[in-house]
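The values are calculated or read from the model by the stated rules, or taken from the named source; none is laboratory data. Predicted, not measured: the structure shown is a model, and the values here were computed from it. Neighbour counts run over all protein chains shown; Cβ positions are idealised from the backbone, glycine included. Surface areas here come from the heavy atoms of the whole protein model, side chains and all, with no ligands, DNA or RNA. Shrake-Rupley method; radii C 1.70, N 1.55, O 1.52, S 1.80 Å.
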Amino acid sequence: MTSLPTAVTSSPNASAAVRVPPGLLRNVLTVAHRELRDAIRSRWFWLYTLSFAILGLAVSFVSAAGTGGTGLSGFGRTTAGLINLVLLVVPLMALTSGAASIASDRERGMLAYVLAQPVSRLEVVLGKYLGLAGALLACLSLGLGTCALILAWKGLRTSPASILWLTGLSLLLALAMLSLGMLISVLARRASVAVGTAIFVWLALVFLTDLALMAGALALRLRIETLFGLSLVNPLQVFKMWSLHAVDATLDVLGPAGLYAMDTFGDRVAILFAAALVAWIILPLGAAMALFARRSPV
Amino acid sequence: MMPNAVHPASAFAAVLVVATAFAGQADHAAPAPVSGGRSTLPLGPIGMRIAAASPGDTLEIDPGIYREHLRIDKPLTIVARGDVVIDGGGSGDIVEIVAPDVTLRGFVIRNTGIDLDKENAAVRVLAPRVALENNRLEDILFGIDLREAPDCRIVGNRIGGKDLDVARRGDGLRLWRSDRTLVERNTIHDGRDAILWYSSNVVVRGNHGFDCRYGLHLMFSDHITILDNEFAGNSVGIYLMYTTGVELVGNTLVGNRGPSGYGIGLKETDQFSIRDNLIAGNRSGVYIDGSPFTAAKPGEFTRNTFAYNDVGCTFLPSARGNEFTENNFVDNIDQVAVAGRGALDANRFWKGERGNFWSDYTGYDLNNDGVGDFVHESQTLFENLMDKRPALRLFLFSPAQQAVEFVGRAIPAVRPEAKFTDEVPLMRPVALPAAVVERKPAREAIALSGIALVGVGGLLIAAARTSRRTS
């Protein structure tokens, strides 16, 4: 990485708009690298990493204590607790860091400075996205990796495959939430508004939509296929179902809706989940790029 | 012995009525009539030796593949010397034993017909005191089919069914009116059921059943001992129906997740004792329907471990008179459920000073006597909603579920009634059989995945720090 091309300093007169893809890639990487470095220098990154590792360990130890040393392992509270933790922390982390990125640059006047350089707006958004994605990946893998190491050291039982799956799927969830966060960031005028909106969106995705669906299932007696279809709209639910499917190879633990999904789609249900998450990654990011390219950014 | 039971004669009459009713059903029909006429076929090499032998002889069969159907009509001991394959060529039954005191040992018997109406079987036994030992039955519709063949020994056989849809499979093992039979150390897979019909005083010990419909199925069979078996990955592990007097001890019932998916199902079963079993990862660990059937003896559940089942124990509202003591309830998503309305008042979850171990018990033990200082009450709002609307299971493991549970704890108005109480919950789990504890995923693998993850994070941080040319 020491030989990372630095388009900004090496070719100050080139116009970003007419650059060919290699140049685009270089510019994107430059922005991404800067963003990653800034993120890793920042306090929020280490705060999230540390809290993620500590919470993960707490969840694992508490659930191991719950089994009372029976020596049994299985898809029990450990994985369930970690999924729960990821569902709470990762979207918050990704949404807020995405929301803060462009909006705070704009507020500090950084954005005007960056855009004065020979980089296109698309490159800035994409680069910032990649850089933050890298920071999130570092955060997740450090947090869950430390957790796995300490579990192994203490001899607690967790399946290694499930930890790796959980990390990978958490990253996908983080990418989707980051994408949504960047969209908020592009739309918002001020950083505080962007972060506030992100927190509200987080609240809606984590609690409100699920509670509304639950109420719907109870009051309107929604049909199973409707319930399952609606749950596919929420990326958090998709992440949860995919994690269960990856770790457990089946969804029948989720009762009638899970059985319906397995009966209808079989193992192809994973493709459905992948498609839903990828859509959540691409669509908000695409919208953010389109809006950013059109709007007056500063 | 059965003070409150119905009169034996009337019970028998009732059984006959039920049996005739069942006979009309294709699935659980009484045995099909034995298709005779096999004697008209030309005899193969083993058949000729049987014809030539005198009662009581021992025949040793040389290795080879024998394509023939056998009818053993005199008391003989027939032993395979090496790899002896009897191939049915994909038609009819293969071995039919019509004389008592026959021993068949060490054969590979394979390739029956697939006629479910004629119940094509690898070995059909129609006489008492037959021993089937260490045979391997492959690619068969029915495996071992005992009809009115009491006092038999079925030991050390391996029975593998055909690769058919479950509805078109036959029973790996079937006992029909075959009392006092010993079923020991057999492996049965890819069959329909291993089933006991009207067979009493049978001992089923050390068997292993997987990928079947019912690992073991008791119908109207009394005084059965089921010891140290393992039934894993079947639709249902053990299903007891209309049975009186069952000792079910030391069995392992894991991952039975068919549409019913019970580790142990009890339907109108009476005077049973279920002890020291490991019941894990099933859709429902135990499913109790109308059992115990009479008040002669409480249904006894002692020192079992219910772990990681979707539901630890499901009660139909009709279930009353069960006693649970010293069981471990470990991390079942729903520890105890009532299917339908009603409480579990007629069942007890503690006796004297001993309750059960509940992994979700939140109390503590100040005086250090191993018993929690507070009553264990099961009353979570989400569980309660889930029992009513199973579709809500979709929201398991989500923060929203916990929000609901928090509301249930915080606001007394919506707090559900306690499903059951355990006055003396145990603080420590009751010891498990050693075989269970040994299973753990390799520590190295977890450590390696941890190192790999930390490595990825470290690389990214290093990448961010190295180049500073942009600034």
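Just need the Rg to Rh number for the protein assembly as shown, please, alpha carbons only, Kirkwood Rh. Please report the intermediate quantities before stating the final value.
Values: Rg = 32.5 Å, Rh = 29.8 Å.
Over the Cα atoms of the protein assembly as shown, Rg/Rh equals 1.09.
Ignoring ligands, DNA and RNA, please state the percent of accessible area on the protein assembly as shown from carbon and sulfur, probe 1.4 Å.
Exposed carbon and sulfur together represent 60 percent of the surface.
Apply the Karplus curve 6.51 cos²θ - 1.76 cosθ + 1.60, θ = phi - 60°, to the phi angles in the range A:211-227 and return the couplings in whole Hz, x for Gly and Pro.
Each residue's phi maps through the Karplus curve to give 5, 5, 5, 4, 4, x, 4, 7, 7, 8, 6, 4, 6, 4, 5, 5, 4 Hz.
Quick check: net charge around A:Leu227, other residues with Cβ under 13 Å of its Cβ, Lys/Arg +1 and Asp/Glu -1?
On the way: positive: A:Arg221, A:Arg223, B:Arg389, B:Arg393; negative: A:Asp210, A:Glu225.
Result for the local shell: +2.
Dividing the convex hull volume of the Cα atoms of the range B:303-385 by its residue count, what figure in Å³ per residue is obtained? Mind showing how you got there, number by number?
Numbers: hull volume 8.2 nm³, N = 83.
It is 98 Å³ per residue.
At 222 nm, what value in deg cm²/dmol follows for the protein assembly as shown if DSSP H runs of at least 4 each add -39500 (n - 2.57) and the sum is divided by all its residues, to the nearest 500? Don't jump to the answer; show the numbers that get you there.
On the way: 19 runs with 304 residues, N = 769.
So the helix-based figure for the protein assembly as shown works out to -13000 deg cm²/dmol.
Given the alpha-carbon gyration tensor of the range A:67-226, what are the semi-axes of its equivalent ellipsoid in whole angstrom, ordered largest first, with each equal to the square root of 5 times an eigenvalue? Can you show the working numbers first?
Values: eigenvalues 243, 112, 28 Å².
One finds semi-axes of 35, 24, 12 Å for the range A:67-226.
Need the per-residue list for the range A:159-201: every residue with at least 40 Å² less accessible surface in the complex of protein chains than in the chain by itself, probe 1.4 Å, sorted by number.
The answer is A:Pro160, A:Leu164.
Total Å² of accessible surface buried at the B-A contact, 1.4 Å probe, nearest 100?
Values: alone 22270 and 14760 Å², together 31240 Å².
Protein heavy atoms only, the B-A interface buries about 5800 Å².
Counting Lys and Arg as +1 and Asp and Glu as -1, each charge on the Cβ, what is the dipole of the protein assembly as shown about the Cα centre in debye, to the nearest 20?
Details: 70 positive and 68 negative charges, 754 e Å.
Using Cβ point charges on Lys, Arg, Asp and Glu, the protein assembly as shown gives about 3620 debye.
Using every Cα-Cα pair within the range B:177-244, state what percent have a distance larger than 20 Å.
Counting pairs separated by more than 20 Å, the tail of P(r) holds 19 percent.
So in the protein assembly as shown, what percent of DSSP beta bridges are antiparallel if you round to the nearest 5?
Once the DSSP bridges in the protein assembly as shown are tallied, antiparallel ones form about 5 percent.
If amide hydrogens are placed 1.01 Å from N in the peptide plane, which non-local residues have theirs closer than 5 Å to the one on B:Gly191?
B:Gly161, B:Cys212, B:Arg213
Mean 1/r over all different Cα pairs, inverted: what Kirkwood radius does chain B give, in Å?
Working: mean 1/r = 0.0402 Å⁻¹.
After inverting the mean inverse Cα-Cα distance, the result is 24.9 Å.
Normalised radius of gyration for the range B:173-287, please: alpha carbon Rg relative to 2.2 N^0.38 Å, two decimal places. Write down the numbers at each step before the final one.
Working: Rg = 12.1 Å, N = 115, 2.2 N^0.38 = 13.4 Å.
Computed over Cα atoms of the range B:173-287, the ratio equals 0.91.
Over all residues in A:131-144, what is the mean tally of Cβ atoms on other chains that come within 10 Å of each residue's Cβ? Don't skip to the answer; put the middle values down first.
Details: counts 1, 0, 0, 5, 4, 1, 5, 10, 2, 3, 10, 8, 3, 5.
Per residue, the average neighbour count from other chains is 4.
May I ask for the equivalent-ellipsoid semi-axes of the range A:227-292, computed as the square root of five times each C-alpha gyration tensor eigenvalue and listed largest first in whole Å? Mind showing how you got there, number by number?
Details: eigenvalues 139, 23, 17 Å².
Values for the range A:227-292, descending: 26, 11, 9 Å.
Please say if the range A:151-253 is rounded, prolate or oblate, where rounded means a/c under 1.5 for a ≥ b ≥ c the square roots of the C-alpha gyration tensor eigenvalues, and otherwise the choice is prolate for a/b larger than b/c and oblate otherwise? Write down the numbers at each step before the final one.
On the way: a/c = 2.44, a/b = 1.17, b/c = 2.08.
Oblate shape, in that a/c is at least 1.5 and b/c is the bigger or equal ratio.
Using the Kirkwood radius over Cα pairs, work out the Stokes-Einstein diffusion coefficient for the range B:114-243 at 10 °C and 1.306 mPa s, in µm²/s as a whole number. Mind showing how you got there, number by number?
Values: Rh = 13.9 Å.
Taking Rh from Cα pairs, D becomes 114 µm²/s.
Could you give the distance between the Cα centres of the range B:171-214 and the range A:224-287, to the whole Å?
Result: 40 Å between the Cα centres.
So what J values fall out for the range A:115-127 if you push phi through Karplus, 6.51 cos²θ - 1.76 cosθ + 1.60 with θ = phi - 60°, rounded to Hz, Gly and Pro as x?
Going residue by residue, I get 6, 6, 6, x, 10, 7, 5, 4, 5, 5, 4, 4, x Hz, with x marking Gly and Pro.
Keeping every protein chain present and rolling a 1.4 Å probe, give me the accessible area per residue for the protein assembly as shown in Å². Intermediate values should be presented prior to the final figure.
Numbers: 31240 Å² over 769 residues.
It amounts to 41 Å² per residue over the protein assembly as shown.
Local charge sum around A:Leu254 (other residues, Cβ-Cβ under 11 Å, Lys/Arg +1, Asp/Glu -1)?
On the way: positive: A:Lys240, B:Arg393; negative: A:Asp248, A:Asp252, B:Asp310.
Result for the local shell: -1.
Leaving ligands, DNA and RNA out of it, work out the accessible area of B:Phe397 with a 1.4 Å probe and give it in Å² to the nearest 10.
20 Å²
Stokes-Einstein D for the range A:217-263 at 4 °C, 1.567 mPa s, Kirkwood Rh over Cα pairs, in µm²/s? Show your work: numbers first, answer last.
Numbers: Rh = 10.9 Å.
Translational diffusion coefficient: 119 µm²/s.
The range A:20-294: D in µm²/s via Stokes-Einstein (Kirkwood Rh, Cα pairs, 37 °C, 0.692 mPa s)?
166 µm²/s
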